[in-house]
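Student: Can you keep this structure in mind? I'll have questions shortly.
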Amino acid sequence: MGRNKILITCAKGITPYLKEELLILGFPAISETVAGIETEGTMDDTLRLNLLLRTGHRVLFLIRNFHARDADDLYHAVSDIEWEEYIDADEYLCVTSSVDNPAISTSLFANVKCKDAIVDRIRRKCGKRPDSGSGKHGVVVNLYWKDEDCSIYLDTSGEPLSRRSYRKIPMHAPMQETLAAAVIMATGWNGSSHFINPMCGSGTLAIEAALAGLSRASGILRDNFGFMHLKGFNKSLWKELRTQAIKAAKKTLDCRIIATDISRDAVEAARKNAAMAGVEQLIEFSVCDYSMTSIPEGSGIVILNPEYGERMGKVKELEAVYKGIGDFLKQKCKGYTGYIFTGNPDLAKRVGLKAKRRMPFFNGAIECRLLEYPLYEGSRT
């Protein structure tokens with residue numbers, strides 16, 4: 001396969017950080033939407049992107065653009081693609097889609113028509129057809145269909161890249177790994193100062209900080225990607241990329257990462273998740289109220305992701321919590337920069353500090369802000 005367009009999807013609000021990652025890796029940002037960036041490269045380039053990107057969800061390699069008015073047009077156009085060159089008849093196939101076409105009432109119908117076109121073609125050419133279903137553990141084909149414009153992609157990620165393979169115990173309303181990585185990028189933290197995470201929950205922020213601080217590849221723990229099931233998968237290149245990534249990672253950090261939670265179960269889950277990620281020894285876990293979290297001498301960031309009354313907790317009960325967080329930041333965290341990630345602007349007002357920056361993010365469908373509070377020494381608090 002030669003060079004073609006590559007679409008990398010992400011959560012809403014994360015595109016600036018995904019773009020930053022792409023440029024650092026040497027890929028152009030050709031265009032962007034609210035939930036994705038288009039770049040270009042070869043199928044071999046998708047291996048590197050899947051291994052190294054921290055904020056992207058899926059790496060989609062474009063196969064063909066075409067026009068289709070209805071399901072029959074779609075079937076014939078997809079049938080014309082030389083699928084036998086991409087997919088072995090013994091493989092497992094899943095089709096996903098994003099469809100906005102007046103002739104199609106449900107994307108599931110479009111998935112079936114697209115899948116039928118692919119397997120029928122392979123059966124004609126090879127004498128047998130791949131098994132298919134909803135599982136994303138084999139070949140994943142993605143259909144984008146807007147009005148009459150269609151794009152067919154090979155989803156080289158398979159399962160979304162947020163699934164790093166370390167979070168075995170998610171606890172309640174966890175922050176997705178890719179969102180956590182973007183939030184850390186937004187703070188500018190780079191491993192040269194302390195990272196303090198009270199209310200750590202299942203530990204995602206602290207673990208992603210450790211991985212980023214070590215420059216450890218985010219996909220290094222995964223043993224399955226969509227590209228592994230495509231014909232022509234470059235196994236030797238994948239082995240080489242993994243070897244290079246392992247050699248490039250640091251072994252230790254020159255700072256402290258501290259993660260606390262009042263829930264013993266949460267801290268135990270976070271500790272186990274950190275062990276799965278291979279960073280347990282770099283994170284200091286303890287069970288305590290956020291206000292009792294140890295703040296080392298020096299500087300760094302203190303970041304909290306409290307409940308905000310949407311999926312968890314009651315707003316009235318949380319007002320005192322947010323006021324307490326403000327007191328904690330003012331009284332115990334001088335010299336640091338404080339951050340609060342919340343989806344409730346009214347509760348954020350209870351913090352009692354003026355935010356220097358309000359960075360937009362989305363936690364699922366909930367519009368959120370990452371609020372930044374410089375915590376000066378002396379009288380400026």
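The values are calculated or read from the model by the stated rules, or taken from the named source; none is laboratory data. For clarity, every value in this text was computed on a predicted model and none was experimentally measured. Don't worry about glycine lacking a Cβ; one is built from the backbone with ideal geometry, like all the others, and counts go over all protein chains shown.
Conditions (1) exposed (fewer than 13 other Cβ atoms within 10 Å of the Cβ); (2) outside the structural domain of Ser202 (by TED's automatic domain parsing); (3) outside any helix (DSSP H, G or I); (4) under 23 Å from the mean Cα position of the chain (by Cα), marked per residue:
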residue: Ile246; (1), (2), (3), (4): yes, yes, no, yes
residue: Ile258; (1), (2), (3), (4): no, no, yes, yes
residue: Ala269; (1), (2), (3), (4): no, no, no, yes
residue: Met276; (1), (2), (3), (4): no, no, no, yes
residue: Gln281; (1), (2), (3), (4): yes, no, no, no
residue: Ser286; (1), (2), (3), (4): no, no, yes, no
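Student: Further question: Given Gly26, Gly13, which one is free of Cβ contacts under 8 Å to residues at least 60 places away in the same chain and on the phi > 0 side of the Ramachandran plot?
Tutor: Details: Gly13 fails: free of Cβ contacts under 8 Å to residues at least 60 places away in the same chain.
The unique qualifying residue is Gly26.
Student: Scanning the stretch 86-123 for residues that are of a type in the set (Gly, Ala, Ser) and in a loop (DSSP other than H, G, I, E, B), which turns out farthest from Ser157 (Cα to Cα)? Walk me through how you get there before you give the answer.
Tutor: Residues of the stretch 86-123 that are of a type in the set (Gly, Ala, Ser), as a first pass: 89, 97-98, 103, 105, 107, 110, 117.
Now restrict to residues that are in a loop (DSSP other than H, G, I, E, B): 89, 103, 105.
Details: Ala89: 20, Ala103: 30, Ser105: 28 Å.
So, considering only residues that are of a type in the set (Gly, Ala, Ser) and in a loop (DSSP other than H, G, I, E, B), the one farthest from Ser157 (Cα to Cα) is Ala103.
Student: Next up: Taking the conditions exactly as written (buried (at least 22 other Cβ atoms within 10 Å of the Cβ), assigned to a loop (DSSP other than H, G, I, E, B) and of a type in the set (Ser, Thr, Tyr)), does Ser192 satisfy them or not?
Tutor: Values: buried (at least 22 other Cβ atoms within 10 Å of the Cβ): no; assigned to a loop (DSSP other than H, G, I, E, B): yes; of a type in the set (Ser, Thr, Tyr): yes.
Against the criterion (buried (at least 22 other Cβ atoms within 10 Å of the Cβ), assigned to a loop (DSSP other than H, G, I, E, B) and of a type in the set (Ser, Thr, Tyr)), Ser192 does not qualify.
Student: From Ala182, Ala210, grab the single residue that is in contact with a Lys or Arg (Cβ under 9 Å, 6 or more places away or on another chain), farther than 25 Å from Pro296 by Cβ, buried (at least 24 other Cβ atoms within 10 Å of the Cβ) and touching a residue at least 24 places away in the same chain (Cβ under 8 Å).
Tutor: On the way: Ala210 fails: farther than 25 Å from Pro296 by Cβ.
Matching residue, one of Ala182, Ala210: Ala182.
Student: Within the stretch 16-37, take every residue that is acidic (Asp, Glu) and in a helix (DSSP H, G or I) and give me the one that is surrounded by the most Cβ atoms within 10 Å (Cβ to Cβ).
Tutor: Restricting attention to the stretch 16-37, the residues satisfying the condition of being acidic (Asp, Glu) are 20-21, 32.
Next cut, in a helix (DSSP H, G or I) only: 20-21.
Values: Glu20: 14, Glu21: 24.
This residue is Glu21.
Student: Here is a follow-up. Among the residues of the stretch 176-202, which ones are within 15 Å of the chain's Cα centre (by Cα), over 30 Å from Tyr92 (Cβ atoms) and not β-branched (Val, Ile, Thr)? Give the derivation first.
Tutor: Here is the first cut: in the stretch 176-202, the ones within 15 Å of the chain's Cα centre (by Cα) are 176-186.
Of the ones still in play, those that are also over 30 Å from Tyr92 (Cβ atoms) are 180, 182-186.
Selection gives Ala180, Ala182, Met185, Ala186.
Student: Of Phe341, Phe361, which residue is closer than 23 Å to Ala320 by Cβ, assigned to a strand (DSSP E or B) and out of contact with any His (no Cβ under 7 Å at 6 or more places or on another chain)? Write out each step before concluding.
Tutor: Working: Phe361 fails: closer than 23 Å to Ala320 by Cβ.
Being closer than 23 Å to Ala320 by Cβ, assigned to a strand (DSSP E or B) and out of contact with any His (no Cβ under 7 Å at 6 or more places or on another chain) holds for just one of Phe341, Phe361, which is Phe341.
Student: Does Gly201 qualify as being part of a loop (DSSP other than H, G, I, E, B), assigned by TED's automatic domain parsing to the domain that holds Val279, under 18 Å from Tyr17 (Cα atoms) and not β-branched (Val, Ile, Thr)? Please lay out each step first, then the result.
Tutor: Working: part of a loop (DSSP other than H, G, I, E, B): yes; assigned by TED's automatic domain parsing to the domain that holds Val279: yes; under 18 Å from Tyr17 (Cα atoms): no; not β-branched (Val, Ile, Thr): yes.
Considered against the rule, which asks whether it is part of a loop (DSSP other than H, G, I, E, B), assigned by TED's automatic domain parsing to the domain that holds Val279, under 18 Å from Tyr17 (Cα atoms) and not β-branched (Val, Ile, Thr), Gly201 comes out as no.
Student: Applying the selection to the stretch 125-143, what residues are in contact with an Asp or Glu (Cβ under 9 Å, 6 or more places away or on another chain) and either assigned to a helix (DSSP H, G or I) or not polar (S, T, N, Q) (or both)?
Tutor: Scanning the stretch 125-143 gives Lys125, Cys126, Lys128, Arg129, Pro130, Asp131, Lys136, His137, Gly138, Val139, Val140, Val141.
Student: Does Phe61 meet the test of being under 23 Å from Pro160 (Cα atoms), surrounded by fewer than 18 Cβ atoms within 10 Å (Cβ to Cβ) and not acidic (Asp, Glu)? Talk me through it step by step, then tell me what you get.
Tutor: Values: under 23 Å from Pro160 (Cα atoms): yes; surrounded by fewer than 18 Cβ atoms within 10 Å (Cβ to Cβ): no; not acidic (Asp, Glu): yes.
Against the criterion (under 23 Å from Pro160 (Cα atoms), surrounded by fewer than 18 Cβ atoms within 10 Å (Cβ to Cβ) and not acidic (Asp, Glu)), Phe61 does not qualify.
Results for (1) in contact with a helix residue (DSSP H, G or I) (Cβ under 9 Å, 6 or more places away or on another chain); (2) over 20 Å from Pro174 (Cα atoms), shown as yes or no for each residue.
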| position | (1), (2) |
| --- | --- |
| Ile257 | yes, no |
| Asp265 | no, no |
| Pro296 | no, yes |
| Pro306 | yes, no |
| Lys314 | no, no |
| Glu319 | yes, yes |
| Tyr322 | yes, no |
| Asp327 | yes, yes |
| Gly335 | no, yes |
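A quick yes/no check of all residues on (1) assigned by TED's automatic domain parsing to the domain that holds Gly56; (2) of a type in the set (Lys, Arg); (3) in contact (Cβ under 8 Å) with a residue 24 or more places away in the chain; (4) over 28 Å from Tyr17 (Cα atoms):
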| position | (1), (2), (3), (4) |
| --- | --- |
| Glu85 | yes, no, yes, yes |
| Asp90 | yes, no, yes, yes |
| Ser98 | yes, no, yes, no |
| His137 | yes, no, yes, no |
| Glu148 | yes, no, yes, yes |
| Arg167 | no, yes, yes, no |
| Ser192 | no, no, yes, no |
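Student: Can you find a residue in the stretch 154-169 that is in a helix (DSSP H, G or I) and either at pLDDT below 95 or surrounded by fewer than 22 Cβ atoms within 10 Å (Cβ to Cβ) (or both)? Full working, then the answer.
Tutor: Going residue by residue through the stretch 154-169, those that are in a helix (DSSP H, G or I) are none.
Taking every residue of the stretch 154-169 in turn, none turns out to be in a helix (DSSP H, G or I) and either at pLDDT below 95 or surrounded by fewer than 22 Cβ atoms within 10 Å (Cβ to Cβ) (or both).
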